[in-house]
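The values are calculated or read from the model by the stated rules, or taken from the named source; none is laboratory data. For clarity, every value in this text was computed on a predicted model and none was experimentally measured. Reconstructed Cβ throughout: ideal geometry from the backbone, glycine too, with neighbour counts over all protein chains shown. SASA here: full protein model, heavy atoms, side chains in, ligands and nucleic acids out. Shrake-Rupley method; radii C 1.70, N 1.55, O 1.52, S 1.80 Å.
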Amino acid sequence: MTDDVQTESDAMRTVIVAVLVVVATLALLTVGVATPTRPPVALIAGGVAVVTGGLSLVGARKRGNLLGWYAMTLGVMGLRALTGS
């Protein structure tokens, strides 16, 4: 019985972390697009990215893979912000 509960708990944790990663990624990409033209949107999206990214790192079991993903996303965000595209 406890194995079933643990499995359901692990599955729920995985889903929650995945949703947080998607939200954080979309927020970071929004920052990259909105920075030159709409600073308030970029600030809100940046705040959302920081909160959801932090929560996903807290909930993740393998943080190294997630840190790599965020590093790549931050790189894309920076390039988009610098090029304005």
Taking into account only those residues within segment 30-56 that are hydrophobic (A, V, I, L, M, F, W, C) and within 12 Å of Tyr70 (Cβ to Cβ), which is most open to solvent (accessible area, probe 1.4 Å)?
-> Val50
If you take the residues in segment 8-40 that are among the polar types (S, T, N, Q) and at pLDDT below 85, which one is nearest to Gly78 (Cα to Cα)?
-> Thr35
Inside segment 68-85, can you point out the residues that are aliphatic (A, V, I, L, M) and either closer than 21 Å to Met12 by Cα or surrounded by fewer than 13 Cβ atoms within 10 Å (Cβ to Cβ) (or both)?
-> Ala71, Met72, Leu79, Leu82
